[in-house]
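**Student:** Have a look at the structure that comes next, please.
The values are calculated or read from the model by the stated rules, or taken from the named source; none is laboratory data. These numbers come from a predicted model, not from an experiment. Every residue, glycine among them, receives a Cβ derived from its backbone with ideal geometry; neighbour counts consider all protein chains shown. Just the protein is used for accessible areas: all its heavy atoms, side chains included, with ligands, DNA and RNA removed. Shrake-Rupley method; radii C 1.70, N 1.55, O 1.52, S 1.80 Å.
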Amino acid sequence: LRLSRLVASLLDISRIQAGDRKFVMEPFDICEMGRQVLISFEQKITEKQLEVEVDFPEHTVYTRADSDAITQVVYNLVDNAVKFTPERGTISIAVTSKGKKAYLRVRNTGDGIPEEEIPHVFERFYKSDRSRGLDKTGTGLGLYIVKTILDKHGEPVSVESVPQKYTEFRFTLSLSAGKQKNKNTDIIE
C-alpha cells in the first residue's frame, strides 16, 4: 500500500510539473470543501478522540481555483494534522477573507516541527527524524504536493510551529465574485 501511494504521488507530481495536469480555475465554496475534507477524517478523528475546531464565516466564501487540486491541498494538510496530533489533542481549520483573498489555516496541537526543519518541510521526500517514528505510512511527498499545487495557482503557503504547542499551515486563494461560472474558464498548465 505504501509503495502504491508513493507511485501515485510521484505520477501526480510528474503530471503537474510536465503541464499534463490542467488546473481548471472556477468558483467554489472553500468552506464547504473544508467541511467535506473534515468529514472524510471522521473515523480517524474519533479514534484519537481529537477535538475539532472550525472557524468559518457565516457567509459563503467563493474562491477561484481548481477545486479538485485545492481539495487535495486541504486533505494533505488535515491528514498531517490528524496524524501528528496526540490523542485528545486539537486540530482546527479556519477560513477568513480580506480584500481579494481568502485565507485558510490548518492547525494542530502537538510536538511541533523543530525550527531547523521548517525550511525543509516542503521539500520532496523530506521527513523529519521525529516524523519517521510517528508516521510509518507517509512518503514525504504530501507537503511537496501542497506547495507544487499552490505554486501553480500563484499562491503562497507558509508554516509556523511552536515546539510542544502547535503547528500551523496557511495559504491564500483569490476570491471569486460568486458561484457563477465564467464563460471564459481559465486553465493553468
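**Student:** Taking the range 18-66, which residues are in a helix (DSSP H, G or I) and open to solvent by 60 Å² or more (accessible area, probe 1.4 Å)?
**Tutor:** Scanning the range 18-66 gives 18, 32, 35, 36, 39, 40, 42, 43, 44, 46, 47.
**Student:** Hey, among the residues in the range 1-51 that are over 19 Å from the mean Cα position of the chain (by Cα) and acidic (Asp, Glu), which one's modelled with the highest pLDDT?
**Tutor:** The qualifying residue modelled with the highest pLDDT is 47.
**Student:** Scan the range 90-111 residue by residue and report those that are among the small types (Gly, Ala, Ser), modelled with pLDDT of 95 or more and either under 23 Å from residue 26 (Cα atoms) or surrounded by 18 or more Cβ atoms within 10 Å (Cβ to Cβ) (or both). Can you show your working first?
**Tutor:** The first filter runs over the range 90-111 and keeps only residues among the small types (Gly, Ala, Ser), leaving 92, 94, 97, 99, 102, 110.
Okay, now just the ones that are also modelled with pLDDT of 95 or more, so 92, 94, 102.
Once the filter is applied, which keeps residues that are among the small types (Gly, Ala, Ser), modelled with pLDDT of 95 or more and either under 23 Å from residue 26 (Cα atoms) or surrounded by 18 or more Cβ atoms within 10 Å (Cβ to Cβ) (or both), the range 90-111 yields 94, 102.
**Student:** Right, another one. Restrict the check to the range 163-178 and report whether at least one residue is touching a Leu at 6+ places or on another chain (Cβ under 6 Å), buried (at least 19 other Cβ atoms within 10 Å of the Cβ) and at pLDDT 90 or above.
**Tutor:** yes
**Student:** Can I ask one more? Under 6 Å between Cβ atoms, at least 6 apart or on separate chains: pull out the pairs that start in the range 50-75 with a residue that is closer than 24 Å to residue 22 by Cβ and end on any residue that is among the aromatic types (Phe, Trp, Tyr).
**Tutor:** Pairs found: 66/23; 67/28; 69/23.
**Student:** Quick one: residue 83 ticks every box in (1) within 30 Å of residue 164 (Cα to Cα); (2) at pLDDT 95 or above bar one, so which box is it?
**Tutor:** Here residue 83 meets the rest and fails (2).
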